[in-house]
1. I need every pair where a residue in segment 93-120 that is part of a helix (DSSP H, G or I) has its Cβ under 7 Å from the Cβ of a residue that is at pLDDT 85 or above and of a type in the set (S, T, N, Q), sequence separation at least 6 or different chains.
2. Please indicate, with yes or no, whether at least one residue in segment 41-57 is in a helix (DSSP H, G or I) and among the polar types (S, T, N, Q).
3. Pick from segment 58-82 the residues that are within 14 Å of residue 101 (Cα to Cα) and of a type in the set (A, V, I, L, M, F, W, C): which of them is farthest from the chain's Cα centre (by Cα)?
4. Which one of 83, 50 is modelled with pLDDT of 85 or more and on the phi < 0 side of the Ramachandran plot?
5. When you scan segment 8-38, how many residues do you find that are touching a residue at least 40 places away in the same chain (Cβ under 8 Å) and more than 19 Å from the chain's Cα centre (by Cα)?
Amino acid sequence: MTVYYTLTFMLLAAEMATFCVLVAPLPHVVRKKLFHFLSESPIIAKLAYGIKIAFIFIAILFVDAVQRMWRVTAEADLAKSAGSGAQDVRAETNMAARKFYAQRNTYLTGFCLFLSLVLTRTFYILLDLIHAQEEYAKLKNEVKSPKGDQAKQIEDLQKKLAATEAKVKDYDILKKQAEQNAKEYDRLATELNAKTGNVSDKRRD
């Protein structure tokens, strides 16, 4: 197996190991830290960018392997149909080996590409699940905490209402005092006018 197909096999093995780690029944805290590290680490981001470039070359290898498999299969079928009863064992073995290698390379690159898609989709599904669990925990805490907040708000509203009622009472008291003062002023003014009128009448007399 050539170097690039060996590297493809190593990448496929790494994908299988990563997939097993992602779907393993890990504790929630460990899974949360792992996914936050994988999604937020700049090193992982650079590594993912390099792997994406590698998958472009693997896709090219996949197309080439498929073409070779079709060509070898066509040559094998042509040799079977055109050959006589006694065929060269060496040539037949060589043709079978070429067909096997072409199929192996096709399956290797195809599974590598397919598993990359499955791995990426699984990662983002689990990441969304973790975010949903975090949002649910926040909402659950917010649902529990408002009991204390509502009691505090009710207490503040009661204090404001009491202060407002006190201000209304003070206003009523001031209003009554103002009315009483006005009545007293009118009474005194009336008496003063009456007394002033009597004095003037006496001087005239």
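The values are calculated or read from the model by the stated rules, or taken from the named source; none is laboratory data. Bear in mind the structure is a predicted one, so any value in this text is a computation, not a measurement. Neighbour counts are summed over all protein chains in view; Cβ atoms, including those assigned to glycine, are modelled from backbone coordinates with ideal geometry. To get the accessible areas, we keep the full protein, side chains included, count just its heavy atoms, and leave off ligands, DNA and RNA. Shrake-Rupley method; radii C 1.70, N 1.55, O 1.52, S 1.80 Å.
1. Between residues of segment 93-120 that are part of a helix (DSSP H, G or I) and residues that are at pLDDT 85 or above and of a type in the set (S, T, N, Q), the close pairs are 108/8; 109/8; 112/8; 119/18.
2. no
3. Going through the qualifying residues, I end up with 76.
4. Only one candidate qualifies: 50.
5. Of the residues in segment 8-38, 9 are touching a residue at least 40 places away in the same chain (Cβ under 8 Å) and more than 19 Å from the chain's Cα centre (by Cα).
A quick yes/no check of all residues on (1) open to solvent by less than 90 Å² (accessible area, probe 1.4 Å); (2) modelled with pLDDT of 75 or more; (3) at negative phi; (4) touching a strand residue (DSSP E or B) at 6+ places or on another chain (Cβ under 8 Å):
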residue	(1), (2), (3), (4)
154	no, yes, yes, no
157	no, yes, yes, no
171	no, no, yes, no
174	no, no, yes, no
182	yes, no, yes, no
192	no, no, yes, no
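Residue by residue, here is whether (1) out of contact with any helix residue (DSSP H, G or I) (no Cβ under 6 Å at 6 or more places or on another chain); (2) exposed (fewer than 12 other Cβ atoms within 10 Å of the Cβ) holds:
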site	(1), (2)
17	yes, yes
27	yes, yes
38	no, no
43	yes, yes
48	yes, no
53	yes, yes
66	no, no
74	yes, yes
77	yes, yes
